[in-house]
1. If you check Leu190, Leu152, Leu171, Leu166, which single one turns out to be under 24 Å from Lys80 (Cα atoms) and not small (Gly, Ala, Ser)?
2. Looking at segment 1-51, which of its residues are part of a loop (DSSP other than H, G, I, E, B), within 13 Å of ligand 2 (Cβ to nearest atom) and either β-branched (Val, Ile, Thr) or touching a strand residue (DSSP E or B) at 6+ places or on another chain (Cβ under 7 Å) (or both)?
3. Taking into account only those residues within segment 242-267 that are aliphatic (A, V, I, L, M) and under 12 Å from Pro222 (Cβ atoms), which is surrounded by the fewest Cβ atoms within 10 Å (Cβ to Cβ)?
4. Restricting attention to segment 142-164, does a residue exist that is surrounded by fewer than 20 Cβ atoms within 10 Å (Cβ to Cβ), more than 21 Å from Gln101 (Cβ to Cβ) and in the same structural domain as Pro100 (by TED's automatic domain parsing)?
5. Just to be sure before I move on: is Lys34 within 16 Å of ligand 1 (Cβ to nearest atom) and modelled with pLDDT under 95 in the structure I sent?
6. Looking only at residues that are open to solvent by 20 Å² or more (accessible area, probe 1.4 Å) and closer than 15 Å to Gln125 by Cα in segment 69-108, which one is farthest from ligand 1 (Cβ to nearest atom)?
7. Considering each of Ser207, Ser238 in turn, give the residue that is more than 14 Å from Glu271 (Cβ to Cβ), open to solvent by less than 20 Å² (accessible area, probe 1.4 Å) and not aliphatic (A, V, I, L, M).
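The values are calculated or read from the model by the stated rules, or taken from the named source; none is laboratory data. Since we're looking at a predicted model, the values are computed, not measured. Virtual Cβ from ideal backbone geometry, glycine too; neighbours counted across all protein chains shown. Side chains are part of the model used for accessible areas, which takes the heavy atoms of the whole protein and leaves out ligands, DNA and RNA. Shrake-Rupley method; radii C 1.70, N 1.55, O 1.52, S 1.80 Å.
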Amino acid sequence: MKEIIRLAIQKSGRLSEKSLQFIEASGISYFRNKTKLKSTAYNFPLEILFLRDDDIPKYVADGVADIGIVGENVVAEKRKKVEIAERMGFSKCRLSLAIPQAMEYEGLQSFQGMRIATSYPNLTQNFLKKNDIQAEIHEISGSVEIAPSIGLAQAVCDLVSSGSTLLSNGLKEVEVIFRSEAVLIKTPKLNQQKTDILKDLLFRIRSVLTARQYKYILLNLPNTSIERVCALMPGMKSPTIMPLAQEGWSSLHSVLREDDFWEVIDMLKAEGAQGILVSSIEKMIL
Ligand code: PRT
Ligand code: ZN
């Protein structure tokens, strides 16, 4: 029988759509029935299981799913035997300690003897222990940010991305204890066939991840600037230069990291570059 790899992703929540977008961007198509817990790809040996994110590390550790996409915060909290195969670069957030805005903060010592509400007792306890702070952890599964205002705790340890939830609940972030993003995890016990399928899948995923960091650049420039502009935008091997119908001008095609683009744009303009087009790249193999 032909082997198939089982991927667990979040059924509904912050990671769901982005995880599926990644699968689609990797050229994998599947039938999706929103009420079903399982879906099969028809052009790649892959089955997708839709689960609660908290359950994904356990399913992967037990080998019920071979791989999974989940927040690194959940992986670290659950302490299951799984390996991180790739960092996915989305759903970035941090787990932070926060206290009421009016409370004075005097460093970690401020948490000594406090009652801290969190959904991440292991990560919180671990951090406090490492820093010799004795505090009482109060585990709650949701709406952690309201705990201080209802008298359940004096501080919280919760996930933060923009910070607006803390702010609107009268809290201030004082210590980041863990930085997270979505990760692709794998079970430690994959057979050879599944290992080969994972290798193919990772190759596709990495070509999408790389492509997202770069932009494809097209521009026109006077021939007298070619050498200097090529030095600014070396591209993958070197840029492509093609003559324009207009005498003395060329078209340059290259790829550039998006961050670098904003740094060189003024220099490109100073070199007389015109008609600059910037477009996304779907896949990129270096
Ligand atoms: O139902 P299920 O158990 O599957 O989902 P869930 O409700 O437990 O998880 P979900 O969908 O809320 O989050 C899934 C994952 O997304 C988390 O484990 C993180 O890895 C990641 N992530 C990224 C976040 C955030 N950003 C985030 N901002 N998870 C939660 N939040 C919450 C946070 O708890 C707080 O309530 O958003 C609020 C803070 O956001 P800001 O922007 O106001 O700071
Ligand atoms: Zn959850």
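1. Every option except Leu190 fails the conditions.
2. Lys11, Leu15
3. That would be Leu244.
4. Looking for residues that are surrounded by fewer than 20 Cβ atoms within 10 Å (Cβ to Cβ), more than 21 Å from Gln101 (Cβ to Cβ) and in the same structural domain as Pro100 (by TED's automatic domain parsing), one finds at least one in segment 142-164, hence yes.
5. yes
6. Within segment 69-108, the match that is farthest from ligand 1 (Cβ to nearest atom) is Leu108.
7. Details: Ser238 fails: open to solvent by less than 20 Å² (accessible area, probe 1.4 Å).
None of the other options fit; the residue is Ser207.
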